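Engineer: I have a structure I would like to understand better, so I am pasting it below and will then ask my questions one at a time.
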Amino acid sequence: MSSTTIAAPRRRAGAGLRLAPYLFVLPFAVLFVWFLIAPIFVAIGNSLFRETSSGLGFGSANETVFVWFEQYAKALQDAEFLAGFGRVLLYGVVQVPVMIIISAVLALLFDSALVKGKRFFQLAVFLPYAVPGVIAALLWGFLYQPSVSPLVAGLRSIGIPADFLSPGAVLWSIANVSIWSYVGINMIILFSALQSVPRDMYEAAKLDGAGELRIAMSIKIPMIWPAVLLTTLSSIIGTLQLFNEPAVLKTITSNISSDYTPNMAIYAASTTANDPQLASAMAILLGLATFILSVVIMKLTTRRKGVNQA
């Protein structure tokens with residue numbers, strides 16, 4: 001009788017222990033579904049409809065009509081929306097490699113014995129990441145605006161006709177703001193990965209006569225390749241979602257239109273054009289493009305790593 005009484009609480013305690021991990025994960029799962037998964041399905045649902053006006057236009061005579069993929073076709077026929085993809089792809093081809101290379105070089109320098117005062121310089125490089133993107137764009141917008149910029153005035157005083165907001169330069173001015181803002185966080189990720197590399201490997205390479213550059217290229221970079229891939233993918237995703245920097249700089253130059261990037265086109269469609277269904281279709285297309293490009297980059301980098309190891 002006593003053994004039966006003891007066994008029942010044990011079974012209940014065992015069931016509670018098995019449920020405990022799920023209870024801890026539950027708050028995150030609920031928020032993840034509510035704020036990420038649910039909006040995706042809502043956007044997909046909205047993109048399959050179109051609002052039409054009926055009657056003479058008096059009162060609320062709008063009617064929502066199921067139109068299948070008409071909104072997607074409309075988005076793909078929007079020349080400015082497609083041009084926005086071209087801009088961010090060109091932007092990413094230059095900005096992402098430059099940012100990753102600068103981040104990797106800084107991480108390698110901080111991991112070596114060449115730099116003194118590492119804590120100070122690490123903080124100085126990371127500090128721009130703590131500045132909100134809108135504030136960073138405002139700060140750089142002041143430096144770009146010819147009428148008030150000391151940088152433009154200084155360059156012109158030595159005979160360099162600088163115009164950072166001209167049609168041919170404004171995209172790279174935006175890229176400069178992004179590089180300044182995000183180099184620090186990427187450097188921290190790569191530097192943290194370098195700290196996990198066994199130091200014995202460096203000592204063995206030095207005994208074989210390898211210098212710092214050879215150790216960096218042959219040992220450090222291959223060992224932290226997953227971190228390099230992580231920073232590259234996150235930078236690509238951020239590139240396709242570019243919004244804050246051009247939206248802020250748009251207020252000081254006419255060379256940035258309201259649909260300069262895909263995200264800006266989505267915002268303009270949902271607010272200025274008052275067409276949330278079209279904006280939903282654009283958002284789904286942008287999400288698909290981001291997913292496909294990320295998968296392609298991951299496949300290419302994984303295959304390259306496999307070839308190098310072979």
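Read-outs: derived from the displayed coordinates by stated rules, not from any lab. Because the structure is a prediction, the values reported are computed rather than measured. So basically every Cβ, Gly included, is an ideal-geometry build from the backbone, and we count neighbours across all protein chains shown.
Engineer: Please give me the summed charge of the neighbours of A265: other residues whose Cβ is under 13 Å from its Cβ, Lys and Arg +1, Asp and Glu -1.
Structural biologist: -1
Engineer: Please identify the DSSP H helices in the chain that span no less than 24 Å along the helix axis (Cα) and have a mean Kyte-Doolittle hydropathy of -1.0 or more. Show your work: numbers first, answer last.
Structural biologist: Numbers: long enough: 2-32 (46 Å, 0.75); 79-111 (47 Å, 1.79); 170-195 (38 Å, 1.45); 276-309 (49 Å, 0.86).
Result, helices passing both filters: 2-32, 79-111, 170-195, 276-309.
Engineer: Something else about it: Please compute the alpha carbon radius of gyration of the range 74-192, then divide it by the globular-protein estimate 2.2 N^0.38 Å. Two decimals is fine.
Structural biologist: Numbers: Rg = 17.3 Å, N = 119, 2.2 N^0.38 = 13.5 Å.
The reported ratio for this selection is 1.28.
Engineer: Less than 11 Å Cβ to Cβ from Q277, Lys/Arg counted +1 and Asp/Glu -1: what total charge do the surrounding residues give?
Structural biologist: Result for the local shell: -1.
Engineer: Same structure, new question: For the range 251-301, build the convex hull from the C-alpha positions and give me its volume per residue in Å³.
Structural biologist: Cα-based convex hull of the range 251-301, divided per residue, equals 78 Å³.
Engineer: Quick one: give the max-minus-min coordinate of the C-alpha atoms of the chain along each principal axis, largest first, in Å.
Structural biologist: Over the chain, Cα extents along the principal axes are 95, 84, 39 Å.
Engineer: As a footprinting exposure proxy, order F243, F291 by other Cβ within 10 Å, with the fewest listed first. Don't skip to the end; give the middle numbers.
Structural biologist: Details: F243 16, F291 12.
So the ranking, lowest neighbour count to highest, is F291, F243.
Engineer: Let me ask you something else. As a footprinting exposure proxy, order E70, E203 by other Cβ within 10 Å, with the fewest listed first. Mind dumping the intermediate values first?
Structural biologist: Details: E70 17, E203 10.
With the fewest neighbours first, E70, E203 line up as E203, E70.
Engineer: When T52, T231 are ordered from fewest to most other Cβ atoms inside 10 Å of their Cβ, what list results?
Structural biologist: Starting with the residue having the fewest Cβ neighbours, the order is T52, T231.
Engineer: Which ³J(HN,Hα) values, rounded to whole Hz and listed in residue order, are derived for the range 242-258 from phi using the Karplus coefficients 6.51, -1.76 and 1.60 in 6.51 cos²θ - 1.76 cosθ + 1.60 with θ = phi - 60°, glycine and proline given as x?
Structural biologist: With the stated coefficients, the range 242-258 comes to 4, 8, 4, 4, x, 5, 6, 5, 4, 6, 10, 8, 8, 7, 10, 8, 5 Hz.
Engineer: Among the aspartates and glutamates, which have Cα under 20 Å from the Cα of K118 when same-chain residues fewer than 8 positions away are ignored?
Structural biologist: E212
Engineer: Something else about it: Report the Cα centroid-to-centroid distance between the range 26-55 and the range 266-280 in angstrom, as an integer.
Structural biologist: 15
Engineer: Let me have the 222 nm mean residue ellipticity of the chain computed from DSSP H runs of 4+ only, each contributing -39500 (n - 2.57), with the sum over all residues rounded to the nearest 500. Walk me through the numbers before you get to the answer.
Structural biologist: On the way: 14 runs with 214 residues, N = 310.
Helices in the chain give a 222 nm mean residue ellipticity of -22500 deg cm²/dmol.
Engineer: Further question: Net charge around F81, counting only other residues with Cβ within less than 13 Å of its Cβ (Lys, Arg = +1; Asp, Glu = -1)?
Structural biologist: -2
Engineer: Counting every Cα pair in the range 117-253, what percent are over 26 Å apart? Display every interim value, and only then the final one.
Structural biologist: On the way: 3970 of 9316 pairs.
Percentage above 26 Å: 43.
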